[in-house]
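Below is one structure, written out as structure tokens; the observations come after it.
The values are calculated or read from the model by the stated rules, or taken from the named source; none is laboratory data. Please read these numbers as outputs of a predicted model, since none were measured by experiment. FYI the Cβ positions are ideal-geometry reconstructions off the backbone, even for glycines, and counts take in every protein chain you see.
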Amino acid sequence: MTNAHDTSWVRRNRMTLTPLMFLLPGVLFFLVYVISPILQSFNISLYEWDGLGEATYIGLGNYQELMSDRAFETSLWNNLKWLALYLLAIPAGLFIALFLNQTITGMRLYKSLFFFPFVLSQVVVGLVFSWFYLPREGLLNAVLSFLGMDAINVLGDPTMATYGIIAAGLWPQTAYCMILYLTGLNAVDPEQIEAGRLDGAKGWRMLWHVILPQLKPATFIAFVVTIIGALRSFDLISIMTNGGPFGSTRVLSFYMFEKALSEYGFRMGYGSAIAVVLFLIMLVFIGYFLWSMYQDEKAARR
Amino acid sequence: MLKSIKTSVATVAMTAGLTTGAMAADLSGTLRIISDMSNPAPRAIMEGLAADFDAMHPDLTVELEVVDREAWKSQIRNALTANPPDVINWYAANRMAPYVNAGLFEDITGMWEGGDLPGLDSVKGAMTMDGKQYGVPYTYYQWGIYYREDIFNELGLTEPTTFDEEIANCQKIIDSGRKCYTIGSKFLWTAGGWFDYLNMRTNGFDFHMKLATGEASWTSDEVRATFANWRKLVDMGAFIDDHQTYSWQEALPFFVNGEATAYLMGNFVVPHLREAGLTDDQIDFYQFPKIADVPMGEDAPTDTFHIASGAQNKEAARAFLQFVTSPDVQSKINGPDGLGQLPVNANASVADDEFIQQGFEMLSNNATGGIAQFFDRDFPAEMASVAMEGLQEFMVFPDNLEDILNRLESARERIYQ
């Protein structure tokens, strides 16, 4: 008892210090590799800099230029298209998961077949789809001509190209969402389904009122990965159209790469300004995700 | 022992054309080279060059690193700024500008002025910025129209020399159910080649260079005239459909299968055509025909070697530059077993190949207007990328021309300020 005031400050505060010590390496890495590059991007976006010579401070000049840059406008719209249409992967994944959540012989095989596109690299997906879309030899046009319709050049037509790429992106993304839901479905409580059935719930009502609420964690994760996947879409665009035809399939991440790092680029300031805009868009979603997770944890603690 | 090595070194140096013997004798240390000659044939050439140079200088170790050619276009920046090598590959003309302006390429005006590089006078211009030279070329190649000789014979066509003849030929080709030109514009630069030629033929080499340096306007009558000529070809259906979806290699089958009869390309297309099974009786070459009465300008892109200004062994680097540009080495590396392109040294021999000979003849005697590097090497990088996108759009939607030109003009006003 007399020892109480002798024990060191470290000892007295170890309940607080221990978690802090464990957090420290992670926090350090996060600061060095995530936070500081973000701040640097903000800083560089205020300069005109080719990455080699002297950087000139131009204030918000890069942002002003963005306002009148049609390529930027196209990229922004395409990002919105990606965001909206990519979300289709969630209901599609859910329905495939429901469909596959049965006990039939060979079900594992079917499940792995459906899961297969997610295992492929995005580059391979892009290549396969660009061959599928080929204007003369492509499978799509073979089918269309079999049905007596005119051939189309999906990736060569500025009005269709972005949708063509999104369709390619949905293929693996749907598989991803499907897997999330399949694991979610395993955790659905059979007693609640039984109870619902006794109360006369069937089909849609059962799905909507009994199963979906229990799948909420899976839906949340599917939503997060799909939104992030849509905003960082890059590989498919680079492989399938290289941003073309005439820049109609660019998205912000691709445009940033072109302006800052590609063969004809090296406008670091302008590229950073695009990155900042993309970051701010992402921040809306990241903020929402964090807030929602915080709410969940608060509810769980009660 | 030492003496015998020295003499053998001297003989090698002599045969290599290095008559300034002093250079050969006392090089030591390490020579670090980063090369972008990553395709199989050029890679073998580069490795041979490094090995030969290493053997010539017993006290010198040559370290060669070969980087992927496309990747090098963005890696060069890091390579030159952090721990720079001694010698690197790059491109001539405006493509040097960012590195010259940032002081990363060594000024080697002394070598050019001091007579260390005999026989290179004709290519000096491409290495010059603000009156100083920053490197040496090692190879270049012509551009022009490669065509299916057998189909021309079948249709009774001859090589056109004027644009009217070109169009008349093209009409007959279209009537025979073929397309006149194959092109794959997915990566844009191929459209730049068409613009180069149409603009140089319509308005002359000097105007083309004014456009490249930002002195001429994209909305000028001259540029409009160029596009009007181009539109004649687009409207008559001279180009293959859906070219915006293909790379230049993916456009090759149209030529090989005879669905399109000609390809405006650089000489590097020839090995691909031969590999695809076309014989030299089936392919031939002609210079892009005359449009207006102006001296003919030609595209002949030049690949180069430079010394990094932060190089550790500049003496060896300078000797290496002399070595690669010497007549014998030039004859060897550009020969049919090597790059199959044109040597830069006037005293080197030109390979006995139908296409290389025709290209050499054309560039020596019939390129009085001047020699350009290529659209994306003459124009500043940013202007080139915006413009080539516009050129591709024009080829697909010629009606958008007004919008495209206004866009390019506002880009010009911003980029060259």
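Data overview
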quantity	calculated
Where residue B:242 falls short, out of the listed (1) more than 14 Å from chain A (Cβ to nearest Cβ); (2) touching a helix residue (DSSP H, G or I) at 6+ places or on another chain (Cβ under 6 Å); (3) free of Cβ contacts under 8 Å to residues at least 40 places away in the same chain	(1)
First in segment A:49-68 and facing chain B (nearest Cβ under 9 Å), second anywhere and in a loop (DSSP other than H, G, I, E, B), Cβ under 6 Å, 6 or more apart	A:50/A:266; A:51/A:266; A:52/B:102; A:53/B:102
Matching residues in segment B:83-113 - criterion: being in a loop (DSSP other than H, G, I, E, B), of a type in the set (A, V, I, L, M) and away from every other protein chain (no Cβ under 12 Å)	B:92, B:108
Test: residue A:253 is more than 14 Å from chain B (Cβ to nearest Cβ), closer than 30 Å to residue B:184 by Cβ and not in a loop (DSSP other than H, G, I, E, B)	yes
Helices (runs of 4 or more DSSP H) wholly inside segment A:83-159 that include at least 3 residues being within 14 Å of another protein chain (Cβ to nearest Cβ) and surrounded by 12 or more Cβ atoms within 10 Å (Cβ to Cβ)	A:122-132
Subset of segment A:260-301 that is in contact with an Asp or Glu (Cβ under 9 Å, 6 or more places away or on another chain) and among the small types (Gly, Ala, Ser) - its residue that is nearest to the other protein chains (Cβ to nearest Cβ)	A:265
Single condition residue A:217 does not satisfy, out of (1) under 30 Å from residue B:394 (Cα atoms); (2) more than 13 Å from chain B (Cβ to nearest Cβ); (3) surrounded by fewer than 20 Cβ atoms within 10 Å (Cβ to Cβ); (4) within 29 Å of the chain's Cα centre (by Cα)	(1)
Subset of segment B:190-221 (residues that are surrounded by fewer than 20 Cβ atoms within 10 Å (Cβ to Cβ) and assigned to a helix (DSSP H, G or I))	B:206, B:209, B:210, B:221
Among the candidates A:244, A:265, residue that is over 15 Å from residue A:165 (Cα atoms) and outside any helix (DSSP H, G or I)	A:265
Residue B:50, sole failed condition from (1) at pLDDT 90 or above; (2) within 18 Å of residue B:311 (Cα to Cα); (3) part of a helix (DSSP H, G or I); (4) out of contact with any Leu (no Cβ under 7 Å at 6 or more places or on another chain)	(4)
Test: residue in segment A:70-82 that is of a type in the set (Gly, Ala, Ser), more than 14 Å from every other protein chain (Cβ to nearest Cβ) and either in a helix (DSSP H, G or I) or within 30 Å of the chain's Cα centre (by Cα) (or both)	no
Selection within segment B:371-408 - within 12 Å of chain A (Cβ to nearest Cβ), under 17 Å from residue B:228 (Cα atoms), free of Cβ contacts under 8 Å to residues at least 60 places away in the same chain and not small (Gly, Ala, Ser)	B:393, B:397, B:400, B:403, B:404
Pairs, first on the phi > 0 side of the Ramachandran plot in segment A:226-249, second assigned to a loop (DSSP other than H, G, I, E, B) and hydrophobic (A, V, I, L, M, F, W, C), C-beta under 7 Å, six or more apart	A:242/B:187
Test: residue in segment B:258-277 that is touching a helix residue (DSSP H, G or I) at 6+ places or on another chain (Cβ under 6 Å), among the hydrophobic types (A, V, I, L, M, F, W, C), buried (at least 19 other Cβ atoms within 10 Å of the Cβ) and assigned to a loop (DSSP other than H, G, I, E, B)	no
Selected residue (only one of A:229, A:243, A:196 is within 14 Å of chain B (Cβ to nearest Cβ) and either within 20 Å of residue A:179 (Cα to Cα) or at pLDDT below 90 (or both))	A:243
Filter result for residue A:206 (touching a Gly at 6+ places or on another chain (Cβ under 8 Å), more than 14 Å from every other protein chain (Cβ to nearest Cβ), within 27 Å of residue A:233 (Cα to Cα) and not basic (Lys, Arg))	no
Filter result for residue B:61 (closer than 30 Å to residue B:277 by Cα, of a type outside the set (Lys, Arg), in contact with a strand residue (DSSP E or B) (Cβ under 9 Å, 6 or more places away or on another chain) and not in a helix (DSSP H, G or I))	no
